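S.K.: Right, I'll just put the structure down here and ask away after.
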Amino acid sequence: MITQEQLKELQERSAALSRYLDIEGKKIEVEEEELRTHVPDFWADQKAAEAQMKKIKQLRFWINSCSELDQAVEEVATGFDFVKEGLIDEAELDGLYATALDKVERLELRNMLRQDEDKMDAILKINSGAGGTESQDWAQMLMRMYLRWCERHGYKTAIEHLVDGDEAGIKSVTIGIEGDFAYGYLKSENGVHRLVRVSPYNAQGKRMTSFASVFVTPLVDDTIEIVLDPARISWDTFRSSGAGGQNVNKVESGVRVRYQFKDPYTGEEEEILVENTETRDQPKNRENALRNLKSILYNKELQHRKEEQRKIEDSKKKIEWGSQIRSYVFDDRRVKDHRTGHQTSDVGGVMDGDIDDFIKAYLMEFAGE
């Protein structure tokens, strides 16, 4: 049975969240924002209207979540009296406490996502490393892991581009992920993921190490201005491969955009390549490819700003693209994140999308940066 001290701590954490989030202020703000939607021509500018509705939705999320938390904490407090009166047993009280604790921890975690880009949708790209079929199989396993994680959280996903492996697995995949704070949570997955296992593709049954890289960027929307220089853009079209019927193979619906990017801070130049074969409609694929290109450019600006901030603050750790962030050792039943030290023996659960504890450990340590 939980103690009075545990209840007191729970009540203090709940009250602190409500004060920090200024829930009373948000209630006034949501009323003011809803008044703006009552004007006759509100939907004349659909994009502005959708942005306004999204703002109201975010405000209501905090209000409703804190209200649900307050109710859960109150049920725990009432449960103490009920136990004394014999109306509920200790196990039921512990269950009420576990529910309330889960709510407060989830809300505290969401509160860590304060950057403008955290609330955005995300684009997640996986590339297999060197190693042929084994690493390509590993890339496909990671793809399934993230798709299952998205399914668990009710996020909408779309495979925007996929390149199959030579014999099995995949060489690369680009996944669009739509849902509140998708980027905020998944930014923890940026980096190289290492697999150690007895490979089914090795005739001698040897233990092998494989690598795959994961790259996550926020999906910019029309409310963010990203300027593209038309002179630096070139397009190619190609026939999509894979399932989809005869039309996929006969019509050049796949698009490839090349952008000659010049870094405004360093002067360095590079070619950014984006492909999209999501639909059979070439104009729609062009639109999606441009949106993904803007997301990459937006992410470059974010990385520059964060790097400048790191220099100023002299942060204790530097996490960048290309660093090995996590190891999945199947034989030893261990998954370990090298940045936070968090690990678990539930390899099967992790590969089925249960990576919330890794995300939470990352945000607890690095969200403040």
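The values are calculated or read from the model by the stated rules, or taken from the named source; none is laboratory data. Computed from a predicted structure; not experimentally measured. Here the Cβ positions follow ideal geometry from the backbone for every residue, glycine too, while neighbour counts run over all protein chains shown.
S.K.: Can you pull out every residue in the range 13-51 that is touching a Phe, Trp or Tyr at 6+ places or on another chain (Cβ under 8 Å) and farther than 28 Å from residue 105 by Cα? Explain how you work it out, then say what you get.
M.R.: Of the residues in the range 13-51, the ones touching a Phe, Trp or Tyr at 6+ places or on another chain (Cβ under 8 Å) are 21, 23, 26, 36, 49.
Those that are touching a Phe, Trp or Tyr at 6+ places or on another chain (Cβ under 8 Å) and farther than 28 Å from residue 105 by Cα: 36, 49.
S.K.: Taking the condition assigned by TED's automatic domain parsing to the domain that holds residue 179, touching a helix residue (DSSP H, G or I) at 6+ places or on another chain (Cβ under 8 Å) and of a type in the set (A, V, I, L, M), does residue 69 pass?
M.R.: It is false that residue 69 is assigned by TED's automatic domain parsing to the domain that holds residue 179, touching a helix residue (DSSP H, G or I) at 6+ places or on another chain (Cβ under 8 Å) and of a type in the set (A, V, I, L, M).
S.K.: Going residue by residue through the range 321-342, is there one that turns out to be under 20 Å from residue 364 (Cβ atoms) and either modelled with pLDDT under 90 or more than 23 Å from the chain's Cα centre (by Cα) (or both)?
M.R.: yes
S.K.: Restricting to the range 353-366, name every residue that is surrounded by fewer than 18 Cβ atoms within 10 Å (Cβ to Cβ) and either within 18 Å of residue 327 (Cβ to Cβ) or under 14 Å from the mean Cα position of the chain (by Cα) (or both).
M.R.: Step one: filter the range 353-366 for residues surrounded by fewer than 18 Cβ atoms within 10 Å (Cβ to Cβ), giving 353-354, 356-357, 361, 364-366.
353, 354, 356, 357, 361, 365 - these are the residues of the range 353-366 that are surrounded by fewer than 18 Cβ atoms within 10 Å (Cβ to Cβ) and either within 18 Å of residue 327 (Cβ to Cβ) or under 14 Å from the mean Cα position of the chain (by Cα) (or both).
S.K.: Give me the pairs: first residue in the range 93-106 and free of Cβ contacts under 8 Å to residues at least 40 places away in the same chain, second residue small (Gly, Ala, Ser), beta-carbon distance under 6 Å, and six or more apart or on different chains, which are they?
M.R.: 96/79; 99/72; 103/72
S.K.: If you don't mind, there's one more thing I want to ask. Regarding the range 116-135, can at least one residue be identified that is without any contact (Cβ under 8 Å) to a residue 12 or more places away in the chain, out of contact with any Phe, Trp or Tyr (no Cβ under 7 Å at 6 or more places or on another chain) and surrounded by fewer than 18 Cβ atoms within 10 Å (Cβ to Cβ)? Walk me through it before giving the result.
M.R.: So the first thing to find is which residues in the range 116-135 are without any contact (Cβ under 8 Å) to a residue 12 or more places away in the chain, and the list is 116.
Remaining after also requiring out of contact with any Phe, Trp or Tyr (no Cβ under 7 Å at 6 or more places or on another chain): 116.
Then keep just the ones that are surrounded by fewer than 18 Cβ atoms within 10 Å (Cβ to Cβ); that gives 116.
Yes, the conditions are met somewhere in the range 116-135.
Yes or no, residue by residue, for (1) of a type in the set (Gly, Ala, Ser); (2) assigned to a helix (DSSP H, G or I); (3) closer than 30 Å to residue 20 by Cα:
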position: 88; (1), (2), (3): no, no, no
position: 98; (1), (2), (3): yes, yes, yes
position: 104; (1), (2), (3): no, yes, yes
position: 142; (1), (2), (3): no, yes, no
position: 148; (1), (2), (3): no, yes, no
position: 166; (1), (2), (3): no, no, no
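S.K.: Being surrounded by fewer than 18 Cβ atoms within 10 Å (Cβ to Cβ), more than 18 Å from residue 8 (Cβ to Cβ) and either out of contact with any strand residue (DSSP E or B) (no Cβ under 8 Å at 6 or more places or on another chain) or not assigned by TED's automatic domain parsing to the domain that holds residue 187 (or both) narrows it down to one of 89, 81, so name that one. Give the derivation first.
M.R.: Numbers: 81 fails: more than 18 Å from residue 8 (Cβ to Cβ).
It is 89.
S.K.: If you don't mind, another one. Quick one: would you say residue 10 is modelled with pLDDT of 90 or more and touching a Phe, Trp or Tyr at 6+ places or on another chain (Cβ under 9 Å)?
M.R.: yes
S.K.: If only one of 95, 131 is over 29 Å from residue 330 (Cα atoms) and out of contact with any Cys (no Cβ under 8 Å at 6 or more places or on another chain), which one is it?
M.R.: Values: 131 fails: over 29 Å from residue 330 (Cα atoms).
One residue alone meets the criteria, 95.
S.K.: Among the residues of the range 262-290, which ones are outside any helix (DSSP H, G or I) and either exposed (fewer than 15 other Cβ atoms within 10 Å of the Cβ) or in contact with a Pro (Cβ under 7 Å, 6 or more places away or on another chain) (or both)? Walk me through how you get there before you give the answer.
M.R.: Filtering the range 262-290 down to residues outside any helix (DSSP H, G or I) leaves 262-281.
Answer for the range 262-290, where residues must be outside any helix (DSSP H, G or I) and either exposed (fewer than 15 other Cβ atoms within 10 Å of the Cβ) or in contact with a Pro (Cβ under 7 Å, 6 or more places away or on another chain) (or both): 262, 263, 264, 265, 266, 267, 268, 269, 270, 271, 273, 281.
S.K.: Further question on the same structure: Count, please, the residues in the range 34-73 that happen to be surrounded by fewer than 16 Cβ atoms within 10 Å (Cβ to Cβ) and more than 26 Å from the chain's Cα centre (by Cα).
M.R.: 14
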